[in-house]
Every structure is written in structure tokens, then in C-alpha cells.
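Remarks on the structure that follows.
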């Protein structure tokens, strides 16, 4: 039930116990107090409470603002605390403070309060929160902010919003998401950014875009990517870079270069 001001009974009861926190703790733990059992202690305390605050408005006047301020401070310092805040106290101000501190707290923001401002703040802080953003608020600005922070969220970006700018931002942060980039946007610039961040992304680069520069960037980041380098580009320079990064890449080195590359890498590792 709620009182005339719309405050739920359980909220008022919580404020009632605030009158004596020591007794509150003992009652919550089920311990005896002054020889009374838990039920008798609660009855005694309620009688005392009613004698001090005969009406609920008095309770609200004393503890309402103080209680809200307490939770606002909590979520400002630790956004995840929003999940513990009574739902009736989750105001726009409190929700914005929470996601500013921890973007992931968006999961505890009531649907009606997931405004464009709150959503943008959340994904800017924690890109993974894009999953919690209502579809109507997944705008170009919000999606760009999300993938800039965490490229892996490109999979939650609507197809029509996977623009060259969004795709470039995503692969720059996490090259492996190149597989989520529409083929029409897998340009030389986007692919180079992807393999520079994650050499293994070379697997998703169209063959016609695999240049010597791109292949070198890929194996420098991840020697194992040599397996996806076209044979015509498995030059001494590329093979040296690959094996230096990952000795296991030696199995992808052309036979005619095998001995020289192996010798050169050993010499480098000895120095």
C-alpha cells in the first residue's frame, strides 16, 4: 500500500527503522534486545515510533530528502548502486548520475527514463551498454559513441547506421569486428585499421585489398596471420615480422625463404 503522498509502506518502514540504527541492526539480525524476542521488539519499537511520529507526513518530512540525498551520493560514487535504489527514488537526476559513473548501470534505469541523454552518457562511458539502449534511441551519435568505446558493440548497431565512420571507429577499437562490417564498407582504410589492431582480422579482408603494407601490419600484430597472406606477398620482410612475433608462423613461410628467415630470427633473439 501507499500513503497519500504515494510512498510505499515498505519505504516508510525503512525510514522508521532509521530512527535508531543500532536497534534496527539488532532487529534485522534477529537478536534479542532487553530480554524481548524479535516480534516483541518490533512491537515495542513501532509503539515508540508512533508516539514520536503520529503521521506519515512527519516521517517523510524528516527522512524523505535525507534518504534521497543518501542514494544520490551512492550512485554518484558507484553507479551500480542504482540497482539497490528503491524504484520510486530513481529520478532522471539519479539515473543520469549513475550512468555517468558506470555506464552499465543503464540496465537498472526504468524504461521510461532511458532518455537520449541518459543513453548517450551510458554508452560513452561503457560501450557495452548499447545492448540496453531502446531501439528508438540507437541513433548515429549514440552508436558511434558506443563502438568508439567498445568496438564489439557494432553487432547491435542497426544495419542502416553502419556507416563508414561508425565501422572505422569500431575496428580501430577492436579489429576483430571487421566481420560485422558490411562488405561495401570494407575499404582499404577500414581494413588497414582493423588488421593494425588485430592481425587476425586479415581473414575478413577482401583479397583485392590485401596489399603488402596491410599484410605487414597484420603479421606485425599477429604472426599467425601469415596464413592469410597471399603467397605473392610472403616476402622476406613480411615473413621475418611474422616469425619474430610468433615462432609458430614459420610453418607458413615459403620453402625458399624458410632457412634464411629461421636463421635471421634466431640471430635477432640472441641479441
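Relative contact order for segment 162-271: 18 percent, from Cα pairs under 8 Å spaced at least 6 residues apart, divided by residue count.
Peptides 249-256, 234-241 ranked from most to least packed by the mean count of surrounding Cβ atoms within 10 Å: 234-241, 249-256.
The calculated P(r) of segment 71-204, using every Cα pair and 10 Å bins from 0, goes 15, 39, 25, 16, 5, 0 in percent.
Stokes-Einstein, applied to the Kirkwood radius of segment 162-271 over Cα pairs at a viscosity of 1.002 mPa s and 20 °C, places its translational diffusion at 154 µm² s⁻¹. Using the Cβ-Cβ distance between residue 88 and residue 141 with R0 = 30 Å, the FRET efficiency computed as 1/(1 + (r/R0)^6) comes to roughly 0.45.
Just so you know, all these numbers are worked out from the coordinates, no wet-lab data involved. On a predicted model such as this, the values are computed, not experimentally measured, just so you know. No Cβ is skipped: glycine too gets one built from the backbone with ideal geometry, and neighbour counts run over all protein chains shown.
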